[in-house]
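Working notes, beginning with the structure itself.
The values are calculated or read from the model by the stated rules, or taken from the named source; none is laboratory data. As the structure is a computational prediction, the values presented were derived from the model and not from experiment. As a convention, Cβ positions derive from the backbone with ideal geometry for all residues, glycine included, and neighbour counts pool all protein chains shown.
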Amino acid sequence: MTDLTIAPVAAPTRTINLRRAALILYAGLFYAFLYVPILLLVVLSFNDSQTVGLPLKQFTLRWYDEVFQSRDMLLAIGNSVMLGIVSAVVATALALMMALGFRHDFPGKGLLMKVILMPMLIPGIVGGVIYLIFFGYAEIPFGLWTTALPVHITWVLPFAFMTLFPRMHGLDRSIEEAAADLGARPMTVFTRIVLPIIKPGVVATTMFAFTLSFDEFIRTLFSIGNQRTIPVHLWSLLSDQMAPFLPAVGVIIMLISMMVSLIGFALSSRSNTSASSH
């Protein structure tokens, strides 16, 4: 009979277990680093204390009441919402038209693509200084709609384009060609065939763009003048004093952004399903 030698397996198994434990520990620390500060912010927003921090005292809703009774805070939130809506709608419309154009070949296509994506690569503070100098030399009065709006559209546009371009590029053009062969005009093809297919993606892109505009701070600080969005208003409060209602404001902003983002993700998933079925 031939002797069979069985190699020991304890050492490799132990190594695998150690690696698994290390990965679990790393993942736990990573998620704790991300989410523990958010949970602490939520807890502090209900803490009945004049100072932001520990120890925890009684449960209270007074800080949320102060936020919703503050005229300046509500005005700043309203400015952020209106600016975000207009910026998102305009940027998404422009991005959609550019995505339609980029389905065709034309001279300078690669260069134009780089120009569109350029704002994503410029640091926020550098972009803010550039906008400040430009609007100053152009003698354009600083304000929410005169300067902050074009800045936000410029900032949001490349992200909206990068979201819509893959959907338009991957759209089956045989459907449009079949409609054109049957006598449909280009606008009819777009409104009745293309737009219904990509509509969930367009809505998701609009919501994503709204979130980017709603949370934008650095570029807004340099371009909004004496008016305030909610990030700029929070910065002004932090520079003066650590108001006890700031955690509540942070929770409200986070909830607005999360709600819009979740709706956008749901519509984006629906868009991907619709695109794959066509």
> Does the stretch 221-229 include one or more residues that are touching a Lys or Arg at 6+ places or on another chain (Cβ under 8 Å), among the polar types (S, T, N, Q) and surrounded by fewer than 21 Cβ atoms within 10 Å (Cβ to Cβ)?
Replying inline: no
> Do we have M120 as closer than 25 Å to E176 by Cα, out of contact with any Ser or Thr (no Cβ under 7 Å at 6 or more places or on another chain) and either at pLDDT below 90 or outside the structural domain of I230 (by TED's automatic domain parsing) (or both) here?
Replying inline: no
> Which condition number does L237 fail, the rest of (1) within 19 Å of the chain's Cα centre (by Cα); (2) modelled with pLDDT under 85; (3) closer than 22 Å to L144 by Cβ being met?
Replying inline: (1)
>> Considering only residues that are loosely packed, with under 15 Cβ neighbours inside 10 Å and within 25 Å of F102 (Cα to Cα), which ones fall in the stretch 133-179?
In response: P166, H169, G170, D172, R173, S174, I175, E177, A178
>> Restricting to the stretch 34-86, name every residue that is of a type outside the set (G, A, S), surrounded by fewer than 16 Cβ atoms within 10 Å (Cβ to Cβ), outside any helix (DSSP H, G or I) and in contact (Cβ under 8 Å) with a residue 12 or more places away in the chain.
In response: D48, Q50, T51, L56, F59, T60, L61
>> Being more than 21 Å from R167 (Cα to Cα) and in a helix (DSSP H, G or I) is the requirement here; does G128 meet it?
In response: yes
> Does any residue of the stretch 248-265 turn out to be at pLDDT below 85, under 19 Å from the mean Cα position of the chain (by Cα) and within 23 Å of M97 (Cβ to Cβ)?
Replying inline: yes
>> I'd like to check something: does the stretch 182-195 contain any residue that is among the charged types (D, E, K, R), surrounded by 13 or more Cβ atoms within 10 Å (Cβ to Cβ) and assigned to a helix (DSSP H, G or I)?
In response: no
